[in-house]
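What follows is a set of notes on a single structure, which appears directly below.
The values are calculated or read from the model by the stated rules, or taken from the named source; none is laboratory data. Just so it is clear, the model here is predicted, and its values are computed rather than measured. Cβ: placed from backbone, ideal geometry, glycine included. Neighbour counts: every protein chain shown. With ligands, DNA and RNA removed, areas are computed over all heavy atoms of the protein, side chains included. Shrake-Rupley method; radii C 1.70, N 1.55, O 1.52, S 1.80 Å.
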There are 2 protein chains.
Amino acid sequence: MFVVAVYDVSQEKNSKVLKYLRARMHWVQNSVFEGNLTEGELREIKKYLEDVTDIGDSVIIYQMGNEKYIKKEIIGEEKGSSSQVL
Amino acid sequence: MFVVAVYDVSQEKNSKVLKYLRARMHWVQNSVFEGNLTEGELREIKKYLEDVTDIGDSVIIYQMGNEKYIKKEIIGEEKGSSSQVL
């Protein structure tokens, strides 16, 4: 399934979460990741995020059946590279 | 249609964009907004964002036909309130 994750975590956790998600999803902007994940992969990522987040931290996960039904547009500068999907 | 917008703009433009989007969409996290918008409303928002963004600014807009087909989960703290705005 197609997953978009947007995180907002404390400064000291930021690089840890960024590194973890970069290894598993595709970075598209600042704190936004996309990925075509299996149920198992998503479960593992969610487990990690549940463990790592504290009060004040927040990660929103949007799950959509198929990337085909989503129209994506970028206004301004494209920050991540979309050619490379993990 | 259901729209998710995630922005990453320079510090000095931040409050301006935040205020604009808050009046038109629903704030869910840091720089993330959701909304059920008409084609016309989305067109107007995109036009505004195209005008306001410069080099280094970026807004990602995901358009989905229907909110029903999206599963949304929040890990950690829910920052925006879905009923009332701060």
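What to note about this one:
- Number of partner chain Cβ atoms within 10 Å, mean per residue of B:20-32: 2
- Accessible area (Å², 1.4 Å probe, nearest 10) - A:Met64: 10 Å²
- The chymotrypsin sites (Phe, Trp or Tyr not before Pro) found in the stretch A:41-79 include none that occupy coil by DSSP while having at most 10 further C-beta atoms within 10 Å.
- Placing a label point 7 Å from the Cα of B:Ile74 along the Cα-to-Cβ direction, the distances to the matching points in the other copies come to 2.8 nm, shortest first.
- Each part gets one Cα centre, and for the stretch A:63-82 versus the stretch B:43-65 those centres are 13 Å apart.
- Label-point spacing at A:Tyr20 relative to the other copies reads 3.5 nm, in ascending order, each point sitting 7 Å out from Cα along Cα→Cβ.
- Summing charges over neighbours of B:Asp57, with a neighbour being any other residue whose Cβ is under 9 Å away from its Cβ, gives -2 when K and R count +1 and D and E count -1.
- GNM remark for chain B: springs join alpha carbons under 10 Å apart, and the peak mean-square fluctuation among B:Gly56, B:Gly35, B:Gly76 falls on B:Gly76.
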